[in-house]
Amino acid sequence: MSSVTARQYQEKIFELFNEGPVALFIWSVVDGWPVEFVSDNVYELLGYSARDLTQGALSYADLIHPEDLPRVRAEVLQYLSSQAECFEQQYRLRSASGEYRWIKDFTMPDWSAQGELQRIRGYIFDQTDVQEAVETLQLAELVREHSREAIMITDPNGVILSVNPTFTQVTGYTSEEVLGARPSLLSSGYHDADFYRAMWQCLNTDGSWQGEILDRRKNGEVYPKWLSIHTAYDAQGQVFRRIAIFSDISQQKQSEELIWRQANFDTLTSLPNRQLLTLRLEQEIDRQKRSSQGLALVFMDLDGFKEVNDTLGHLVGDELLIEVGKRLESLLRTTDMVSRFSGDQFALLLTGLADQRAVERLIMKLRSAFEVPFQLSDELIYTSVSFGITFCPEDGQDPWQLLKNAEQAMFSAKTSGRGRYQFFTETMQLTAQRRMQLAKDLRRALPEQQLFLEYQPIVSLADDELSKVEALIRWQHPELGLISPAEFIPVAEEIGLISEIGDWVFRTAVAQVEAWQELVNRPFQISINTSPVQYRDDAHRIRHWLSYLRERCLSSQSISLEITEGMLMENTADIEHCLLLIRDAGMEVALDDFGTGYSSLSYLKRMDIDFLKIDRSFVHNLQRDSDDLALCEAMIVMAHRLGIRVVAEGIETAEQKALLKAAQCDYGQGYYFSRPLSAEQIGACLRRRKIH
């Protein structure tokens, strides 16, 4: 008993040239294997008519010798359970005369697309009496003529004696052109002498050979084919014929190549994708373990790519990605790999490194190359790149660890500014692990009431009166203690919790300012920090806030929303729409950390900004005749000319307060006046209107 593949089935055809009568059976899959169909020549083989076996009381299992039946059943079950394509067996069958005859059964199960067995087809031929071969020869000729595989028969000296019609279809040669010639007529010249020497050694030793080979058609086209060669021997054991069966596998190879490319290459840039990068990285790590040279993995992210898509469209964005890939490939060695990892992220795999300084020199080279703009259609596009770099074996020898390291380093570089690079460090890994823990724990912070607000006074510099407060969110973690908003707010933005937290801050602030206004019976304002994420595709949230104020019968000016310069400069339709809604409702807007970004004066007026908050970096070293004072004075004059009031952050000394007051700054905020206070402490200050 043996299992064979579809290719091996080609080799089995040669047996039809030498065996006795052959009968085709189709068996049902129910118990006993009843015969659904059998060819009429079964009578010559066993003495039964086809009707006896398909409509009579006989089942096929009843014909098998009792000593052979358990083995045959076990073999069939074994091959069916493995869903074999085809297999062969030898056993004894009872003929109509009552005698048992040895037969060879070559069986092919029919499987549905869902993997269910539908029926079993097979040929049986007599192993007892090989003299009665007339019908077998007829069947062999029929198979030869109608086979989907090309068949070529040669004599012992390699002279072609016969070919079938499929041979002509595959090679382009007619039978008249090849009869009497040798198979070398088809040679492509792509295989050397060692290849053919190994083939003939196998043929002379085992009598057969199979494998993939490149041959040439009559028109000169080289094509791949799967070739099986088997040797037929005469009664004296000498070579009688060699039978070659082959099929053109060009389409199969093309399909395999297409599938492989689709699975391993980016369709836009034609660069290796994440899957192929990971595979190559695994291979290079294994190679690195056997050598003293290291490798580096570099993650790259295009700075400002979103703005290219938003302003110039996705077609230009796609064209930019293609050109970036080409520029990178032109700057790297052929032994290195450039991969499009995802979106506007690329990865570089640098191998065979003698030292890490070579990588830094390459990064500097790449940064300089990206200072040259890209000419796309009618647009000249400038872009910079942020790089994250990790090394093997220094930072790890696991592919997924290195991928994570490089991505973390890249994000660290991106948050530091444009066009920067960052090497992975252990501290970065610990920071990432802490962020993961915060992301998990932050989901419980609101329902478990771990978040609370403190309020920092904002004082009128003209009379030291408490004019308003800024609400500052705090997180009292049950295990880690007090966590800074500078640490957990970016996490909330990443995991999509910032809008939910922002709603809680807004409602809490509204309830608190309402209580304070009832306490002192006069208007008062709380300033709330907001995230750009809260404004993107979320105008209904702003409308909901405004409706909530109206429901509480509070003035819109009871709440001031603080935004950043970076958000103002994003200039997206969503953010602009939300800011216009806020302006039209009469709610005031403060521009936080002014002076650290790139705000356009036109936006200050267009968006009707009410307050500028001078960043603490200008106030920290404020002294008479200093550059910082000159800058503060310029910002104050500019804001007042535009009708905008000014708040100076980070005031810590009497001198800073005096200089800002002399410069006509409207409000001050900082530890000189007060640290953030509880709601009860602010209430006490409101009663006397003063902090001190």
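The values are calculated or read from the model by the stated rules, or taken from the named source; none is laboratory data. All values reported here derive from a predicted model rather than from experimental measurement. Note that we place each Cβ from the backbone using ideal geometry, even for glycine, and neighbour counts take in every protein chain shown. SASA here: full protein model, heavy atoms, side chains in, ligands and nucleic acids out. Shrake-Rupley method; radii C 1.70, N 1.55, O 1.52, S 1.80 Å.
Any residue that is closer than 17 Å to V589 by Cβ and open to solvent by 20 Å² or more (accessible area, probe 1.4 Å) - is there at least one of those in segment 494-516? Within segment 494-516, not a single residue is closer than 17 Å to V589 by Cβ and open to solvent by 20 Å² or more (accessible area, probe 1.4 Å).
Scanning segment 357-396 for residues that are loosely packed, with under 14 Cβ neighbours inside 10 Å and not aliphatic (A, V, I, L, M) turns up R357, R361, K365, S368, E371, P373, Q375, S377, D378, Y382, P393, E394.
When Q238, Q252 are screened for being out of contact with any strand residue (DSSP E or B) (no Cβ under 6 Å at 6 or more places or on another chain), open to solvent by 60 Å² or more (accessible area, probe 1.4 Å), in contact (Cβ under 8 Å) with a residue 60 or more places away in the chain and not basic (K, R), only Q238 passes.
Here is a yes/no grid of residues against (1) closer than 17 Å to A648 by Cα; (2) part of a helix (DSSP H, G or I); (3) out of contact with any helix residue (DSSP H, G or I) (no Cβ under 9 Å at 6 or more places or on another chain); (4) modelled with pLDDT of 90 or more:
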site: D593; (1), (2), (3), (4): yes, no, no, no
site: G597; (1), (2), (3), (4): yes, no, no, no
site: S602; (1), (2), (3), (4): no, yes, yes, no
site: K605; (1), (2), (3), (4): no, yes, yes, no
site: D608; (1), (2), (3), (4): no, no, no, no
site: L612; (1), (2), (3), (4): yes, no, no, yes
site: D625; (1), (2), (3), (4): no, no, yes, no
site: L629; (1), (2), (3), (4): yes, yes, no, yes
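Figure legend. Inter-residue proximity from segment 351-369: first residues among the acidic types (D, E), second residues open to solvent by 20 Å² or more (accessible area, probe 1.4 Å), beta-carbon distance below 9 Å, spacing 6+ or different chains. Indicated pairs: E360/Y421; E360/F423. Taking the conditions (1) under 22 Å from T335 (Cα atoms); (2) modelled with pLDDT of 90 or more; (3) open to solvent by less than 50 Å² (accessible area, probe 1.4 Å); (4) in contact with a strand residue (DSSP E or B) (Cβ under 8 Å, 6 or more places away or on another chain) in turn, G294 satisfies each one other than (2).
Conditions (1) open to solvent by 10 Å² or more (accessible area, probe 1.4 Å); (2) free of Cβ contacts under 8 Å to residues at least 12 places away in the same chain, marked per residue:
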| position | (1), (2) |
| --- | --- |
| V459 | no, no |
| A462 | yes, no |
| I473 | yes, no |
| Q476 | yes, no |
| P485 | yes, no |
| P490 | yes, yes |
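If a residue has to be open to solvent by 60 Å² or more (accessible area, probe 1.4 Å), closer than 19 Å to I245 by Cα and of a type in the set (G, A, S) to count, how many in segment 162-199 make the cut? So the answer is 1. For segment 651-660, the criterion of being more than 17 Å from V469 (Cα to Cα), at pLDDT below 90 and under 56 Å from the mean Cα position of the chain (by Cα) is met by no residue. Can you tell me which of (1) farther than 15 Å from F106 by Cβ; (2) aliphatic (A, V, I, L, M); (3) at pLDDT 85 or above is the one L58 doesn't meet? Every listed condition holds for L58 apart from (3). When the residues of segment 547-562 are filtered to those that are assigned to a helix (DSSP H, G or I) and open to solvent by less than 20 Å² (accessible area, probe 1.4 Å), which remaining residue is farthest from G502 (Cα to Cα)? Step by step, filter segment 547-562, then rank; the result is S558.
In segment 415-430, the qualifying residues are those that are of a type in the set (S, T, Y) and open to solvent by 70 Å² or more (accessible area, probe 1.4 Å), and the one that is modelled with the lowest pLDDT is T427. Selection of segment 346-403 for residues being aromatic (F, W, Y) and out of contact with any strand residue (DSSP E or B) (no Cβ under 9 Å at 6 or more places or on another chain) yields only W400. Of everything in segment 655-676 that is among the basic types (K, R) and in a helix (DSSP H, G or I), the residue that is farthest from F618 (Cα to Cα) is K661.
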